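Colleague: Pasting a structure below so you can have a look.
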Amino acid sequence: MPLLSASDLKTHYNTRDGLLRSVDGVDLVVERGETVGLVGESGCGKSTLGKTLLRLVDPTAGRIEFKGEDITTLDQGRLRNVRKSIQMIFQDPFASLNPRHTIGEILEAPLVVHKAGGRPERRRTVAGIIAKVGLPADAINRYPHEFSGGQRQRIGIARALLLNPELIVCDEPVSALDLSIQAQILNLLVEMKKEFGLSYLFISHDLSVVRYFCDRVLVMYLGRIVESADNETLWSDPRHPYTRALMAAVPDPSRPRQAAPLGGDLPSPSDIPSGCRFHTRCPLATDLCRVTEPEFRTIKPGHQVACHVADHIN
Amino acid sequence: MAPLLQVENLTIGFPRAEPVRDLSFEVSAGETLAIVGESGSGKSLTALALMQLLPRTARVTSGRIVFDDRDLLGLDAREMRQLRGREIAMIFQEPMTSLNPVMSIGWQIGEVLKVHEKLSGRAARERAIELLRLVRIPAAEKRVDDYPHQLSGGMRQRVMIAMAVACRPKLLIADEPTTALDVTIQAQVLDLLDTLRRELQMAVVLITHDLGVVAQWADKVVVMYAGRKVEQALPGDLFNDPLHPYTRGLLSASPRLKSDFHYLSGRLTEIPGSIVSAAGEAGCPFRPRCRQARASCGHQVPPLIAQTPERLVACPFTSSLKAVPDAASLSL
């Protein structure tokens with residue numbers, strides 16, 4: 001039984017500009033102990049998908065299961081129990097920390113909500129987690145603004161770990177950090193994964209980070225997963241033209257410059273193209289692609305792709 | 001030929017801090033100089049100093065900025081205004097905050113031309129459409145009447161570029177121009193900037209924190225740390241043979257797309273601590289985070305040593321560092 005699974009998950013919003021199909025039919029699985037990367041450009045729906053999986057946003061259709069239990073329509077009370085096991089780390093730790101509360105108060109709050117022990121025990125738990133994520137012991141009495149970006153992200157990680165979760169959804173956890181700090185935080189996440197046996201869903205736009213950090217990768221485009229493969233396969237044999245374009249666009253010191261691989265912008269999720277949703281930007285699009293949406297099919301064990309021409313790419 | 005822009009020993013001071021210290025570099029026409037550094041390195045303040053747009057509390061306390069044989073620090077506000085937008089232009093990271101939300105993009109591009117080239121409203125609009133075509137905005141004659149919020153992030157940055165190059169400036173300062181953009185859009189925008197640089201023979205100062213961008217788009221690179229230049233090199237040399245411990249640290253801290261390095265095979269090499277530790281440091285600003293620091297590093301700021309005319313490094317121990325095997329574990 002997978003730790004987390006979603007089938008045909010949809011999150012749509014009614015807006016002035018019409019129906020916004022942010023998440024538009026996603027199937028995914030996160031196995032126990034696995035780090036799954038979710039990559040895509042801004043507006044592709046990856047953050048909405050992350051929030052939907054935690055039920056921070058309610059899905060329009062589809063099904064979410066956590067350890068075999070259907071949590072799609074669970075009421076808030078029973079959801080609270082599940083949330084002990086699924087936590088989230090956000091991109092901007094400052095925006096997710098109450099500026100008027102000390103770090104001690106911020107970290108104690110989840111323990112109070114979930115009635116985890118009396119006051120002295122809670123204090124001990126907080127002190128323990130602060131040490132674990134590499135913050136100074138006196139952090140307890142200080143306020144978020146007194147910390148640098150990297151330290152704030154350590155606070156965010158500490159809060160996520162407090163209730164011994166099994167899965168953490170990390171939404172761009174290192175994107176706002178400087179390079180020298182990014183490595184510190186990634187290393188910390190790896191240590192915590194090993195120590196607590198965690199699974200991660202790691203949402204990121206940074207392919208190099210995903211390359212290092214993930215076991216399996218999902219590539220998302222306009223509300224759908226277009227390719228899924230284990231880390232090794234995806235980088236050595238990407239099949240979807242969008243995956244290839246993303247990789248080619250990353251400026252890398254180790255290779256010469258290439259012409260921009262894709263023209264145009266991401267279409268709006270309120271006006272998703274017919275057929276394959278990538279066909280408006282795809283260099284390989286055929287008439288079939290303009291009319292028929294490709295199914296997400298398995299091309300070899302563990303490697304799925306939603307593309308009509310994926311087999312012919314070299 | 002003399003370089004178009006020469007910055008000599010520039011120091012910028014706030015009442016209680018000196019965020020840029022003793023910084024020198026030069027750029028020639030048609031050349032792209034990248035200034036790379038993290039937040040707090042002073043790179044953006046340097047850009048603002050070139051435009052004479054420093055915040056009110058900041059002052060250039062010493063040094064010279066010579067542009068096209070004129071010392072910008074000696075110009076009065078009116079003279080500077082004539083230069084700004086016409087001969088020196090700048091684009092910023094977040095185009096939405098630099099564009100006026102209640103004016104059409106055509107009007108905003110046209111305004112530059114009305115001010116500097118005294119064009120009429122009609123002529124300015126025509127030129128605005130041409131400029132939108134130049135920056136590859138489709139259906140330019142329709143888009144010209146759009147407002148910023150109707151455009152995507154990539155399109156907005158193109159509009160900013162159109163405004164910046166409207167008067168064919170000699171120098172373009174681009175402060176993190178693609179940081180807010182997705183990689184596929186970033187590639188388009190950098191392509192465009194590079195084409196314009198060639199066509200207009202502009203000098204470009206590209207300020208970025210992205211080493212990949214530096215490697216692929218710069219002719220030469222200045223690495224800044226805590227307000228000081230710590231290394232200068234051609235991009236190839238910098239990536240194949242980084243000399244300063246900070247540059248080495250940055251390169252080995254960054255995961256690479258073309259590398260099999262994975263969390264199961266080992267930890268990323270961290271640079272311990274944070275840039276905050278440089279404050280109040282009497283010697284080398286990187287000393288508190290440097291794995292190779294010695295006692296003498298705390299005595300004075302290490303001078304820049306020229307290994308070749310193109311290669312400068314502010315660390316006296318670079319030759320002995322090469323013997324440290326772990327310092328450059330990066331396979332490029």
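The values are calculated or read from the model by the stated rules, or taken from the named source; none is laboratory data. Worth saying up front: this structure is predicted, and the values here are computed from it rather than measured. Ideal geometry is used to build each Cβ from the backbone, glycine not excepted, and the neighbour counts take in all protein chains shown. In case anyone asks, the SASA skips ligands and DNA or RNA and just uses the protein heavy atoms, side chains included. Shrake-Rupley method; radii C 1.70, N 1.55, O 1.52, S 1.80 Å.
Colleague: Give, to the nearest whole percent, the P(r) tail of chain B beyond 25 angstrom, counting all Cα pairs.
Modeller: So the portion of pairs separated by more than 25 Å is 54 percent.
Colleague: Continuing with this model, one more query. Tell me, what is the FRET efficiency for B:Arg81 and B:Ser120 to the nearest 0.05, using R0 = 30 angstrom and their Cβ-Cβ distance as r?
Modeller: After rounding to 0.05, the efficiency reads 0.90.
Colleague: Additional query: In the stretch B:214-228, what residues drop by 10 Å² or more in accessible surface going from the chain by itself to the full protein assembly, probe 1.4 Å?
Modeller: Residues shielded by partner chains are B:Ala215, B:Gln216, B:Trp217.
Colleague: Quick check on the protein assembly as shown: take the gyration tensor over C-alpha atoms, sort the square-rooted eigenvalues as a ≥ b ≥ c, and tell me if it's rounded (a/c under 1.5), prolate or oblate.
Modeller: Oblate shape, in that a/c is at least 1.5 and b/c is the bigger or equal ratio.
Colleague: Over the whole of A:264-277, what's the average partner chain Cβ count within 10 Å per residue? Rounded to a whole number, please.
Modeller: 2
Colleague: Excluding B:Gln150 itself, what net charge comes from residues whose Cβ is under 12 Å from its Cβ, given Lys and Arg +1 and Asp and Glu -1?
Modeller: Summing Lys and Arg as +1 and Asp and Glu as -1 gives 0.
Colleague: Further, regarding this structure: Once neighbouring chains are kept in place and the probe is 1.4 Å, which whole percent of the accessible area of the protein assembly as shown is contributed by carbon and sulfur?
Modeller: The C+S portion of the solvent-accessible surface of the protein assembly as shown is 50 percent.
Colleague: Shifting gears a bit: Pairs of Cα atoms under 8 Å, at least six residues apart: use those to get the relative contact order of chain A, whole percent.
Modeller: It rounds to 21 percent for chain A.
Colleague: Over both sides of the B-A contact, add up the buried accessible area with a 1.4 Å probe and give it to the nearest 100 Å².
Modeller: Numbers: alone 16150 and 14890 Å², together 27080 Å².
By this definition, chains B and A bury close to 4000 Å².
Colleague: Additional query: Do any residues of the stretch A:216-255 lose at least 30 Å² of accessible area when the full set of protein chains is present rather than just their chain alone, and if so which, with a 1.4 Å probe?
Modeller: Correct list: A:Ala249, A:Pro251, A:Asp252, A:Pro253, A:Ser254, A:Arg255.
Colleague: Here's something else I'd like to know. Need the list of aspartates and glutamates near A:Lys10 for cross-linking: C-alpha distance under 13 angstrom, and skip anything on the same chain fewer than eight residues off.
Modeller: Hits, sequence-local ones excluded: A:Asp24, A:Asp27, A:Asp58.
Colleague: Still on this structure, please answer the following. Just need the relative contact order of the stretch B:242-328 here, percent rounded to a whole number, with Cα pairs under 8 Å and 6+ apart.
Modeller: Dividing the mean separation by the residue count of the stretch B:242-328 yields 27 percent.
Colleague: Now for a different question. Ordering B:Asp260, A:Asp237 by accessible area with a probe of 1.4 Å, largest first, what comes out?
Modeller: Working: B:Asp260 120, A:Asp237 40 Å².
Solvent-accessible surface, decreasing: B:Asp260, A:Asp237.
Colleague: Now, a different point. Per residue, how large is the accessible surface of the stretch B:110-170? Use a 1.4 angstrom probe and give square angstrom.
Modeller: Per residue, the stretch B:110-170 has an accessible area of 49 Å².
Colleague: If the reach is capped at under 23 angstrom between alpha carbons, list the lysines near A:Lys193, excluding any in the same chain fewer than eight residues apart.
Modeller: A:Lys46, A:Lys51, A:Lys67, A:Lys84, A:Lys132
Colleague: Could you run the Karplus curve 6.51 cos²θ - 1.76 cosθ + 1.60 with θ = phi - 60° over the stretch A:98-111 and give me ³J(HN,Hα) per residue in whole Hz, x for Gly and Pro?
Modeller: Per residue, the Karplus-derived 3J(HN,Hα) values read 5, x, 9, 9, 6, 4, x, 5, 4, 7, 7, 3, x, 5 Hz.
Colleague: So which cysteines of chain A have no other cysteine's Cβ under 4.7 Å from theirs?
Modeller: A:Cys44, A:Cys170, A:Cys214, A:Cys282, A:Cys307
Colleague: Provide the FRET efficiency to the nearest 0.05 for the B:Glu8-A:Asp237 pair, computing r from the beta carbons and using R0 = 51 Å.
Modeller: Using R0 = 51 Å, I get an efficiency of 0.45.
Colleague: Suppose the Debye formula is applied to equal point scatterers at every Cα of chain A; what is log10 I(q)/I(0) at q = 0.12 Å⁻¹?
Modeller: Once normalised to I(0) and log-transformed, intensities are -0.85.
Colleague: Once phi is turned into ³J(HN,Hα) by the Karplus curve 6.51 cos²θ - 1.76 cosθ + 1.60 with θ = phi - 60°, what whole-Hz value does each residue of the stretch B:9-22 show in order, with x for glycine and proline?
Modeller: Going residue by residue, I get 6, 5, 10, 10, x, 9, x, 10, 8, 10, x, 10, 10, 6 Hz, with x marking Gly and Pro.
Colleague: Once the Cβ-Cβ distance between B:Asn100 and A:Thr102 is put in as r, and R0 is 35 Å, what FRET efficiency do you end up with, to the nearest 0.05?
Modeller: Given R0 = 35 Å and the Cβ-Cβ separation, E is 0.25.
Colleague: What's the average, rounded to a whole number, of partner chain beta-carbon atoms within 10 Å of each residue's beta-carbon in A:201-213?
Modeller: The per-residue average across the peptide is 4.
Colleague: With a cut-off of 15 Å, note down the residues of the stretch B:212-247 whose backbone N falls inside the zone around a label point 7 Å from the Cα of B:Gln292 toward its beta carbon.
Modeller: From the stretch B:212-247, the list is B:230-232, B:238-247.
Colleague: Still on this structure, please answer the following. Taking amide H atoms as placed 1.01 Å from N in the peptide plane, list the residues 5 or more away in sequence, or in a different chain, whose amide H sits under 5 Å from that of A:Leu4.
Modeller: The answer is A:Val30, A:Lys67.
Colleague: Restricting to the protein assembly as shown, compute how many DSSP beta bridges are antiparallel as a %, nearest 5.
Modeller: Antiparallel: roughly 60 percent of the beta bridges in the protein assembly as shown.
Colleague: Would you list which lysines come within 26 Å of B:Lys170, measuring only between C-alpha atoms, while excluding same-chain residues fewer than 8 positions from it?
Modeller: Qualifying lysines at Cα under 26 Å: B:Lys43, B:Lys114, B:Lys118, B:Lys220, B:Lys229.
Colleague: Roughly how many Å² of B:Ile275 are accessible to a 1.4 Å probe, to the nearest 10?
Modeller: Surface accessible to solvent at B:Ile275 totals approximately 40 Å².
Colleague: Between helix A:119-132 and chain A, what is the angle of the helix's C-alpha long axis to the longest principal axis, kept within 0 to 90° and rounded to the nearest 10?
Modeller: With rounding to tens, the tilt is 50 degrees.
Colleague: What shape does the stretch B:1-42 take by its C-alpha gyration tensor, where a ≥ b ≥ c are the square roots of the eigenvalues and a/c under 1.5 counts as rounded, a/b above b/c as prolate, and the rest as oblate?
Modeller: Numbers: a/c = 4.25, a/b = 1.82, b/c = 2.34.
Taking the square roots of the gyration eigenvalues as a ≥ b ≥ c, the stretch B:1-42 is oblate.
Colleague: Another question, if that's okay. If you add up the charges near A:Leu20, with Lys and Arg at +1 and Asp and Glu at -1, over every other residue whose beta carbon is less than 15 angstrom from its beta carbon, what do you get?
Modeller: +3
Colleague: When only C-alpha pairs under 8 Å and at least 6 residues apart count, what is the relative contact order of chain B, in percent?
Modeller: Worked out over chain B, it gives 19 percent.
Colleague: May I ask you to evaluate 6.51 cos²θ - 1.76 cosθ + 1.60, the Karplus curve with θ = phi - 60°, for each residue of the stretch A:200-217 and list the ³J(HN,Hα) values in order in whole Hz, giving x for glycine and proline?
Modeller: After applying 6.51 cos²θ - 1.76 cosθ + 1.60, I find 10, 9, 10, 8, 7, 9, 9, 5, 5, 5, 5, 4, 6, 9, 10, 8, 9, 10 Hz.
Colleague: With N set to the number of residues, divide the alpha-carbon radius of gyration of the stretch B:242-328 by 2.2 N^0.38 Å and report two decimals.
Modeller: That ratio works out to 1.19.
Colleague: Quick one: order B:Thr61, A:Thr73, B:Thr318 from most to least accessible surface, probe 1.4 Å.
Modeller: Largest accessible area first, the list is A:Thr73, B:Thr61, B:Thr318.
Colleague: Taking the Cβ of A:Arg122 as the centre, find all other residues whose Cβ is under 14 Å away and add up their charges (Lys, Arg: +1; Asp, Glu: -1).
Modeller: For residues surrounding A:Arg122, the net value is +2.
Colleague: Show the residues, 5+ positions off or on another chain, whose built amide H is closer than 5 Å to the amide H of B:Ser62.
Modeller: The list, which skips near neighbours in sequence, is B:Thr11.
Colleague: If a/c stays under 1.5 just call it rounded; otherwise compare a/b with b/c (prolate if a/b is bigger, oblate if not). Do that for the stretch A:218-314, with a ≥ b ≥ c from the square roots of the Cα gyration tensor eigenvalues. Write down the numbers at each step before the final one.
Modeller: Working: a/c = 1.73, a/b = 1.16, b/c = 1.49.
The shape class here is oblate.
Colleague: Quick one: which residues, 5+ away or cross-chain, put their amide H under 5 Å from the amide H of A:Ile89? H built at 1.01 Å from N.
Modeller: Excluding prolines and chain starts, which carry no amide H, the hits are A:Val169, A:Cys170, A:Asp171.
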